[in-house]
Amino acid sequence: MDREELQNLRQDYTAASLSEKDSSADPIQQFDSWFNQAVEAKVLEPNAMTLSTATHDGRPSGRIVLLKGYDKEGFSFYTNYLSRKGKEIAKNPLGALTFFWGELERQVRIEGTIEKLSKEQSEAYFHSRPKSSQIGAVVSPQSQEVGSRGELDGRMVKMENEYKDKEIPKPAHWGGYVLKPRVIEFWQGRPSRLHDRIVYKKVDNKTWKKVRLAP
């Protein structure tokens, strides 16, 4: 595709609108409403989100992970603590999540502080996963260099045989995080790029202030 064709790629959004009046006073309730609508609309993997982290000196990185829970405390996901994102979170716990539900012409951006979930929560979720996924979490040294795909496949087969009739212990290097939000923004696409943006900002660590932003 040449530059002119790329520059002319655009979509006019007309599906819905978002107003201060129609949005909830609580951003978690608003997220719950939008998330359920994404599920009902059969959006492909509505819980897929971009997790953005940064090194201690501010070098950012992003990747897609899956949301595994949300409540008034925050938004939860699971991963390898020794992965790139795990190491960055350990040194710089500030992070962001981004959801994009194109079928609904909506985006949600969340900023906050990331903390580990309890060992008990991580254990419970680990053992709720399919056994193959549990094994994959154990045998993969996430974000580290490996010699070949065959090396990973060999580890997988070996562990499948070893734990064929046994429970797989959760590895110490794997578990959950919760991003505790301080800012949550809801974006609804509108015609002529005059999109609706409603942002909630946490005040005094307990109440939320809702304002409109220019697109």
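The values are calculated or read from the model by the stated rules, or taken from the named source; none is laboratory data. Not measured: the values here are computed from a predicted model. Cβ: placed from backbone, ideal geometry, glycine included. Neighbour counts: every protein chain shown.
What the table below lists for this structure:
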| quantity | calculated |
| --- | --- |
| Criterion: in contact with a Pro (Cβ under 6 Å, 6 or more places away or on another chain) and at negative phi - qualifying residue of Tyr200, Tyr177 | Tyr200 |
| Pair list, Cβ under 6 Å, 6 or more apart: the stretch 100-112 residue closer than 18 Å to Tyr13 by Cα, other residue outside any helix (DSSP H, G or I) and among the polar types (S, T, N, Q) | Phe100/Gln107; Arg106/Gln188 |
| Residue within the stretch 123-133 that is among the acidic types (Asp, Glu) and over 16 Å from Ser76 (Cβ atoms) present | no |
| The stretch 192-215, residues that are at pLDDT 95 or above and under 18 Å from Glu103 (Cα atoms) | His195, Asp196, Arg197 |
| Criterion (loosely packed, with under 15 Cβ neighbours inside 10 Å, in contact with a strand residue (DSSP E or B) (Cβ under 9 Å, 6 or more places away or on another chain) and either closer than 26 Å to Tyr70 by Cα or among the small types (Gly, Ala, Ser) (or both)) met by exactly one of Ser118, Ser148 | Ser118 |
| Members of the stretch 35-51 found to be in a loop (DSSP other than H, G, I, E, B) and either within 17 Å of the chain's Cα centre (by Cα) or surrounded by 11 or more Cβ atoms within 10 Å (Cβ to Cβ) (or both), listed by number | Ala41, Val43, Leu44, Glu45, Pro46, Asn47 |
| Within the stretch 15-34, tally of residues that are part of a loop (DSSP other than H, G, I, E, B), touching a residue at least 24 places away in the same chain (Cβ under 8 Å) and closer than 18 Å to Tyr70 by Cα | 2 |
| Meets criteria (in contact with a strand residue (DSSP E or B) (Cβ under 8 Å, 6 or more places away or on another chain), farther than 17 Å from Trp174 by Cα and of a type in the set (A, V, I, L, M, F, W, C)) for Val108 | yes |
| Selected residue (only one of Tyr177, Tyr200 is among the hydroxyl-bearing types (Ser, Thr, Tyr), in a strand (DSSP E or B), out of contact with any Asp or Glu (no Cβ under 6 Å at 6 or more places or on another chain) and over 17 Å from Ser23 (Cβ atoms)) | Tyr177 |
| Checklist (1) part of a helix (DSSP H, G or I); (2) under 28 Å from Asn92 (Cβ atoms); (3) in contact with an Asp or Glu (Cβ under 7 Å, 6 or more places away or on another chain) applied to Arg182, failing item | (1) |
| Leading residue by the ranking (nearest to Asp32 (Cα to Cα)) among those in the stretch 52-75 that are polar (S, T, N, Q) and in contact with a helix residue (DSSP H, G or I) (Cβ under 8 Å, 6 or more places away or on another chain) | Thr53 |
| Within the stretch 51-68, considering residues that are of a type outside the set (A, V, I, L, M, F, W, C) and touching a residue at least 40 places away in the same chain (Cβ under 8 Å), the one farthest from Pro27 (Cα to Cα) | Thr53 |
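Here is a yes/no grid of residues against (1) free of Cβ contacts under 8 Å to residues at least 40 places away in the same chain; (2) farther than 18 Å from Leu104 by Cα; (3) within 22 Å of the chain's Cα centre (by Cα); (4) surrounded by 15 or more Cβ atoms within 10 Å (Cβ to Cβ):
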| position | (1), (2), (3), (4) |
| --- | --- |
| Trp174 | no, yes, yes, yes |
| Pro181 | no, yes, yes, yes |
| Arg193 | yes, no, no, no |
| Lys202 | yes, yes, yes, yes |
